[in-house]
Amino acid sequence: MANADLYPVSQIEDQLLQSNVETLIDLAPLFYNNTGSEITYAVSSNTDPAVCSISFNGDVMSVTGGSSIGQTGIEITASAGTGKATLAFFVEVYDPTLVETVSEGFESGWLPDGWTLKTGTTGAGFVQSANSHSGSFSAAHMDNTGIQNDWLVTPKFLVEDGAKLVFWQKGLYTSYYDSHNIGWSTDGNRFTTLVADLPTSDQWEKVYIDLSSQAGKEIFLGFNYKGDYADVWLIDDVQVLSPSTGIEESFTADGVKLFQNYPNPFNPSTSISFSLDRTSEIRLTVLNSKGEFVSELYSGNLNSGTHSYEFNAQDLNSGIYFYSLEYNGKKLVNKMLLIK
Ligand SMILES: [Ca+2]
């Protein structure tokens, strides 16, 4: 109910936040308050609390990115005396330490490497389209006649615990009967529904789908179009984002210490240090997020004491890397983050 003594005078900007990072917003300037009472605040709606948590300290609102990436809609209610007023905003949370297990923008030939199509009864099925979210092309199920039941299938990948499918989509002529579904499969042929009847609009929008229910499995994901005359479903910038692989991090053992690289995150170079308590034969290497060899920084004998080596990632892509110190048949591993 509108109240003449308490109402918003400004909006809260939508927030783009890093996972586990807090931002503070002063709410006092956002409300006109002539009730004579102090305002108290509460969260009246948070569509996905795993993405973002909210708390209040006086007029200051703390917005903290959760452990789960995604989007959430927040509504807060301000109360003073008998007055009430609300403000709504969106929060998107990202996590730069996640690894891209699948990444496809549909910019090169059709189909992309490793992707497959299963085409149903009649119709054109999925094709490359010039209506894109980014770059020049997307994947699209185009308008056509007849009964259609078509699948655009990703390459097979291992689902890490906490992995998410993220993509952009848009629908045209959605008043026709149709349904847009996501399925998973271990053989690329028989699919089980993961999400049925995804709503689409005529604006590009980002979709997050949690893959935790499939964790530990190697699967294909399929974008499934079912329809009878029909609309257009555009898909672009498909990613599967996963926590990095299960490389065990350890920093100290037997009087040997592997220090956190500095700076971290870094771009493009960083210093990696370790200390030895006696003369040792060592090997210092850098691995990518899948544990694959990237570079050797030193191999040979070193005296006791602290040693530092520079790692330059000029030619590498952003993401998680590991550095590994091997000595006396043992290994210490630590993680570092390149952000370009
Ligand atoms: Ca594209």
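The values are calculated or read from the model by the stated rules, or taken from the named source; none is laboratory data. Fair warning: this is a prediction, and the values are worked out from it, not measured in the lab. Note: ideal-geometry Cβ built from the backbone for every residue, glycine included; neighbour counts use all protein chains shown.
Quick look at the numbers
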item	result
All positions within region 71-93 that are more than 11 Å from Gln15 (Cβ to Cβ) and of a type outside the set (A, V, I, L, M)	Gly73, Glu75, Thr77, Ser79, Gly81, Thr82, Gly83, Lys84, Thr86
All positions within region 220-234 that are modelled with pLDDT of 90 or more and in contact with a Ser or Thr (Cβ under 6 Å, 6 or more places away or on another chain)	Phe220, Leu221, Leu234
Residue check for Ala130: more than 16 Å from the ligand (Cβ to nearest atom) and surrounded by fewer than 22 Cβ atoms within 10 Å (Cβ to Cβ)	no
Any chance Gly109 is among the small types (Gly, Ala, Ser), closer than 20 Å to Leu165 by Cα and out of contact with any helix residue (DSSP H, G or I) (no Cβ under 7 Å at 6 or more places or on another chain)	no
Qualifying residue in region 143-162 (condition: without any contact (Cβ under 8 Å) to a residue 60 or more places away in the chain, outside the structural domain of Ser289 (by TED's automatic domain parsing) and of a type outside the set (Lys, Arg))	no
Residue among Phe137, Phe157, Phe191 that is more than 16 Å from Asp236 (Cα to Cα), surrounded by 16 or more Cβ atoms within 10 Å (Cβ to Cβ) and over 20 Å from the mean Cα position of the chain (by Cα)	Phe191
Residue list for region 27-61, restricted to those being under 30 Å from Ala163 (Cβ atoms), of a type outside the set (Gly, Ala, Ser) and surrounded by 15 or more Cβ atoms within 10 Å (Cβ to Cβ)	Val43, Asn46, Asp48, Val51, Cys52, Ile54
Scan of region 135-193 for residues that are under 28 Å from Lys290 (Cα atoms), aromatic (Phe, Trp, Tyr) and within 16 Å of the ligand (Cβ to nearest atom), ordered by number	Phe167, Trp168
Tally, over region 112-125, of residues that are of a type in the set (A, V, I, L, M, F, W, C) and either at pLDDT 95 or above or within 14 Å of the ligand (Cβ to nearest atom) (or both)	1
Residue count, region 160-184 (criterion: surrounded by fewer than 19 Cβ atoms within 10 Å (Cβ to Cβ) and either in contact with a Cys (Cβ under 6 Å, 6 or more places away or on another chain) or not charged (D, E, K, R) (or both))	9
Candidates Gly105, Gly171, filtered to the one that is in contact with a Gly (Cβ under 6 Å, 6 or more places away or on another chain), over 19 Å from Leu194 (Cα atoms) and at pLDDT 90 or above	Gly105
Enumerated strands (runs of 3 or more DSSP E) restricted to region 17-92, each holding at least 3 residues that are within 23 Å of Asp210 (Cα to Cα)	52-57, 60-65, 70-80
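Residue-by-condition table, conditions (1) under 30 Å from Gln239 (Cβ atoms); (2) within 16 Å of the ligand (Cβ to nearest atom):
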residue	(1), (2)
Thr40	no, no
Ser68	yes, no
Lys84	no, no
Leu98	yes, no
Val102	yes, yes
Phe106	yes, yes
